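As structure tokens, the structure follows; a few thoughts come after it.
The values are calculated or read from the model by the stated rules, or taken from the named source; none is laboratory data. It should be emphasised that the depicted structure is a prediction, and the values quoted were computed from it without experimental measurement. Note that each Cβ is placed from the backbone with ideal geometry, even for glycine, and that neighbours are counted across all protein chains shown.
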Amino acid sequence: MIRTYKFKRRLKEVERTEAIKLTALHLKLKPYYKFMEVNKLRITDIKLISVQIAGNTEGTGILLNITPGYDYVDGKRTDTQSHIKYEVVFPDNAFEKVLVKVPGTKAIITGEQLAQQSGRVKVRFKNLTGKFYRTNSGEYALSCSADGMEVIQ
């Protein structure tokens, strides 16, 4: 009886050790999303900061387009404007094009001013953050927001 107990206890220790080794191997060989599945993390839980989005600590990029953003209720757009959407390209992050939402109803620069400068307006975002979300088609997309934006000369 004593031998059986010791054997079972030792077997559990070996199984635990092997499980840890397999998990470590799994993490080395599989992509990042597999790591998150093992540790019960979801990609939608990850919060990105300006360095990860813009490629620089200041959150600077080149402004491409400006559009108003509206509230949605039950999946339908209302007439209430709640934010401005700035389409920006980040040269420090492989020229990644991103849409950044900034609260407010008045844009800092107009579309006419943007056209006059041939779309070469450098901007800096204050407190640029981002997160991933899942679209209706099942793909992941990036949603970015900032507390404010300023034009850099």
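Quick notes
- The residues in segment 110-130 that are among the aliphatic types (A, V, I, L, M) and under 24 Å from LEU142 (Cα atoms) can be counted, and the count is 3.
- Of the numbered criteria (1) at pLDDT 90 or above; (2) out of contact with any strand residue (DSSP E or B) (no Cβ under 9 Å at 6 or more places or on another chain), the one MET36 fails is (1).
- Selection from segment 79-115 of residues that are of a type in the set (S, T, N, Q) and more than 16 Å from the chain's Cα centre (by Cα): THR80, GLN81, SER82, THR105, THR110, GLN113
- Residue selected from segment 108-127 under the condition among the small types (Gly, Ala, Ser) and part of a helix (DSSP H, G or I), by the criterion surrounded by the fewest Cβ atoms within 10 Å (Cβ to Cβ): ALA115
- Pick from segment 100-132, criterion in contact with a Leu (Cβ under 7 Å, 6 or more places away or on another chain) and farther than 25 Å from ILE49 by Cβ, ranking: modelled with the lowest pLDDT: GLY119
- Residues in segment 54-104 that are outside any strand (DSSP E or B), surrounded by 15 or more Cβ atoms within 10 Å (Cβ to Cβ) and of a type in the set (A, V, I, L, M, F, W, C): ALA54 alone.
- Residue within segment 128-144 that is surrounded by 13 or more Cβ atoms within 10 Å (Cβ to Cβ) and among the β-branched types (Val, Ile, Thr) present: yes
- Residue in segment 43-52 that is modelled with pLDDT under 90, farther than 24 Å from THR129 by Cα, of a type outside the set (S, T, N, Q) and in a helix (DSSP H, G or I) present: no
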